[in-house]
Amino acid sequence: KKWVLEYGFNIEIIDLALSKTTKISNPNLEYVNKILSNWYKEGYKNKNQINEVVRSNKSKDELHYKKIRDKNNKLLEDRKEKLFNEFPELRSINEEIADLSIRSVSLGKTKKEAVLKEIKEKEERFISILTGNGYSPDYLDAIYSCKDCKDTGVLNNGEDCSCKNKIT
């Protein structure tokens, strides 16, 4: 009753709050009440105002995840630079793999298979140098703070990731 009589919310707004419970593991009316109470305290009176806030929060989320990805990309670039300075052969192998990969795009099937074999051999040599010097084979793989969503906040099935629920 409070939502309708005191807050003045219509069924459209209550439905919107109810839809938010699908993103939590244990949906309950207490959570819906918290959402509606917050919207009331913020002075939101209609669905358009609420949707605008949701869009604004989405932009904040996107910025949050961009910062995480940027930080992790910087960490990865720092790792590469450190290794390439410490082991110049790794830089050469990496450049050769890049050149071969570009070249392989325009080749016919037979020649392409030979180039792909050469790439695989170079990748194996690269990993051999890494592991031979105490690094894990995936040391230069992409770095993610959240492996589930790869720092996007959204899972492959389109649902919000649990890490996103922690920041909102």
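Would a scan of segment 52-60 turn up a residue that is free of Cβ contacts under 8 Å to residues at least 60 places away in the same chain and of a type in the set (V, I, T)?
So far as segment 52-60 goes, yes, one or more of its residues are free of Cβ contacts under 8 Å to residues at least 60 places away in the same chain and of a type in the set (V, I, T).
From S92, S128, S106, S59, which residue is under 26 Å from T152 (Cβ atoms) and small (G, A, S)?
S59
Could you give me the residue pairs with C-beta distances under 8 Å whose first residue belongs to segment 106-127 and is of a type outside the set (A, V, I, L, M), whose second residue is part of a helix (DSSP H, G or I) and open to solvent by 70 Å² or more (accessible area, probe 1.4 Å) wherever it lies, and which are 6+ apart or on separate chains?
K122/E96
Go over the candidates K60, K47 one by one and state the one that is in contact with a Leu (Cβ under 9 Å, 6 or more places away or on another chain) and within 30 Å of N165 (Cα to Cα).
Criteria check complete, one pass: K47.
So the check is Cβ under 8 Å with 6+ separation or different chains; which pairs have a first residue in segment 144-159 that's outside any loop (DSSP other than H, G, I, E, B) and a second one that's surrounded by 14 or more Cβ atoms within 10 Å (Cβ to Cβ) and not small (G, A, S)?
V154/D160; V154/C161; V154/K164
Could you look through segment 96-123, keep only residues that are open to solvent by 70 Å² or more (accessible area, probe 1.4 Å) and among the β-branched types (V, I, T), and pick out the one that is farthest from A142 (Cα to Cα)?
It comes out as T110.
Go through (1) part of a helix (DSSP H, G or I); (2) touching a residue at least 60 places away in the same chain (Cβ under 8 Å) for I102 and report which single condition fails.
The number of the failed condition is (2).
T152: modelled with pLDDT under 90 and within 30 Å of T22 (Cβ to Cβ), yes or no?
Spelling it out, T152 is indeed modelled with pLDDT under 90 and within 30 Å of T22 (Cβ to Cβ).
For segment 124-138, enumerate the residues that are in a helix (DSSP H, G or I) and surrounded by 14 or more Cβ atoms within 10 Å (Cβ to Cβ).
R125, F126, I127, I129, L130
The values are calculated or read from the model by the stated rules, or taken from the named source; none is laboratory data. Not measured: the values here are computed from a predicted model. In this analysis, Cβ positions are derived from the backbone assuming ideal geometry, glycine residues included, and neighbour counts consider all displayed protein chains. The accessibility values were calculated without ligands, DNA or RNA, using every heavy atom of the protein model including side chains. Shrake-Rupley method; radii C 1.70, N 1.55, O 1.52, S 1.80 Å.
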